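Structure, as structure tokens:
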Amino acid sequence: MMTKHEKILKYIKDLKVGARISVRQLAQDLKVSEGTAYRAIKDAQLRGLVSTIPRIGTIRIEQAEGEDIEKLTYAEVVNIVEGSVLGGIAGLHKPLKKFLIGAMELRDMQQYVEQGDLLIVGNRKQAQILALNMGAAVLITGGFHADDDVVRLADEKEMPLITSPYDTFTVATIINRAIFNRLLRKDVIRVKDIMVRDSYYLDVKSTVGDWRKLLRATRHSRFPVVNSDGEVIGIVTTNDVADLKDELPIVEIMTKNPIVVSPDTPVAHAAHLMVWEGIELIPVVEGRKLVGVISRQDAIRAFRSLSFQPQVAETVDSLIMSHFSVSKTESGVKLHGKTGPIMLSPYGITSYSSLLTAMANAAFEAFRSKKRLEIIPDSFTVYFSRPVQLEEEIEINVDIIEMGRKSGKVEINLFHKGNLVAKAIMSVKVLSR
């Protein structure tokens, strides 16, 4: 039986894209309290089903698929540029194809504007009309408003007419950053991408004998335990069962309040939890209800797959490491390169945090050279002795001190002009067993 929360979410999901939603209206239509309706709308917003626009309200939007995560809707643009909608509200749910800055003559602009674009322009009425007539949305910068006939045209074409208090350069920068951040999120493998959805489980009426039946049928030994509402209340493993009798209820011997993760949790975080807590399987829950499980082996396979995939967008780590070349040594690796502007500190020298990043990544490279891809840091102790200027050549030597099945340790030395600048010891845990 569906809960009130689930009924509201289904109701929202079934709404036509572009439909407006309000707490009061939901409460009246579905005969629920306004508090229940409010919580469901917030959940729907987290799931990408709705978007709230200042002075407009909440509207149903098209849920972005993973492969289109780099696309922004016009509704999201309104939020990120702190804008207001002047017209064309019916088109807020549409994704923008690309954005352009209207800084040329109209006759030249016409060949670049296409349907589904966003034209960023100042107080240029004819440029606004041109874009709307060509099926593009318009973002007016500088806090300017539009004439009534332009607003009517936006409504007629169902293409958003937006105004933002920021200047053109700032608006373009903000939108670029939003797209960049989405590309970074696309790089992150999440639990929902690899979890086992139709997982085996036990319920509050199960016994040790039921656990043994599942063990024989699946060859697995760890199972979540759920209550009558499907909520995870425990987990049972071989250690819990031991030599107990078949008729003993599972609820008496299960581990209560187990660690759980959500579908949107990064796999790396789930893997770290499994290593730090010494567990092999974590239930995946949504609204406390079991929706799947993720095992340590699932995480290992994901990391191995990721290590061979090209990166869609650059991270701070990749930007810093792009300044270095890597070569193998007998006991580890050696990195050689120049400090660059990305490594600048507020004081005009190479920042200690960027040097620390380079040293940590050098340690990871040393383990990768030994075919150990699935590692996570356990401890990192570093000592700095002197500063390094920008555009200076540095060398990082990493020597593997220990490398076992479960852990490893390296010594890291950073040199500038033959002088020791920093020294560190890093210990790691190995994800696989």
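Numbers below:
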quantity: Failed item in (1) at negative phi; (2) open to solvent by 80 Å² or more (accessible area, probe 1.4 Å), with Glu158 passing the rest; calculated: (1)
quantity: Of all residues in the stretch 304-328 being part of a helix (DSSP H, G or I) and out of contact with any Ser or Thr (no Cβ under 9 Å at 6 or more places or on another chain), the one that is modelled with the lowest pLDDT; calculated: Leu306
quantity: Scan of the stretch 217-237 for residues that are of a type in the set (Phe, Trp, Tyr) and at positive phi, ordered by number; calculated: none
quantity: Residue in the stretch 232-263 that is modelled with the lowest pLDDT, counting only those that are of a type in the set (D, E, K, R) and exposed (fewer than 14 other Cβ atoms within 10 Å of the Cβ); calculated: Asp243
quantity: Count - residues of the stretch 206-231 that are open to solvent by less than 50 Å² (accessible area, probe 1.4 Å), within 19 Å of Glu280 (Cα to Cα) and not in a helix (DSSP H, G or I); calculated: 5
quantity: Residues of the stretch 36-53 classified as more than 18 Å from Glu286 (Cβ to Cβ), at pLDDT below 80 and open to solvent by less than 50 Å² (accessible area, probe 1.4 Å), total; calculated: 2
quantity: Residues being open to solvent by less than 100 Å² (accessible area, probe 1.4 Å) and not in a loop (DSSP other than H, G, I, E, B) - total across the stretch 6-20; calculated: 5
quantity: Tally of residues being within 27 Å of the chain's Cα centre (by Cα) and open to solvent by less than 10 Å² (accessible area, probe 1.4 Å) across the stretch 357-373; calculated: 5
quantity: Single condition Phe144 does not satisfy, out of (1) in contact with a helix residue (DSSP H, G or I) (Cβ under 7 Å, 6 or more places away or on another chain); (2) surrounded by fewer than 17 Cβ atoms within 10 Å (Cβ to Cβ); calculated: (1)
quantity: Matching residues, the stretch 401-419, being open to solvent by less than 40 Å² (accessible area, probe 1.4 Å) and touching a residue at least 24 places away in the same chain (Cβ under 8 Å); calculated: Gly404, Gly408, Val410, Ile412, Leu414, His416
quantity: Index of the failed condition, Leu100 passing every other in (1) closer than 23 Å to Ser51 by Cα; (2) open to solvent by less than 70 Å² (accessible area, probe 1.4 Å); (3) not in a helix (DSSP H, G or I); calculated: (1)
quantity: Single unsatisfied condition, Phe367 versus (1) modelled with pLDDT under 90; (2) within 23 Å of Ala268 (Cβ to Cβ); (3) outside any helix (DSSP H, G or I); calculated: (3)
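Residue-by-condition table, conditions (1) within 24 Å of Leu390 (Cβ to Cβ); (2) open to solvent by 20 Å² or more (accessible area, probe 1.4 Å):
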residue	(1), (2)
Val316	yes, yes
Met321	yes, yes
Lys328	no, yes
Lys338	yes, yes
Leu344	yes, yes
Ile349	yes, yes
Leu355	yes, no
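The values are calculated or read from the model by the stated rules, or taken from the named source; none is laboratory data. Just so it is clear, the model here is predicted, and its values are computed rather than measured. Ideal geometry is used to build each Cβ from the backbone, glycine not excepted, and the neighbour counts take in all protein chains shown. Heavy atoms of the whole protein, side chains included, go into the accessibility calculation; ligands, DNA and RNA do not. Shrake-Rupley method; radii C 1.70, N 1.55, O 1.52, S 1.80 Å.
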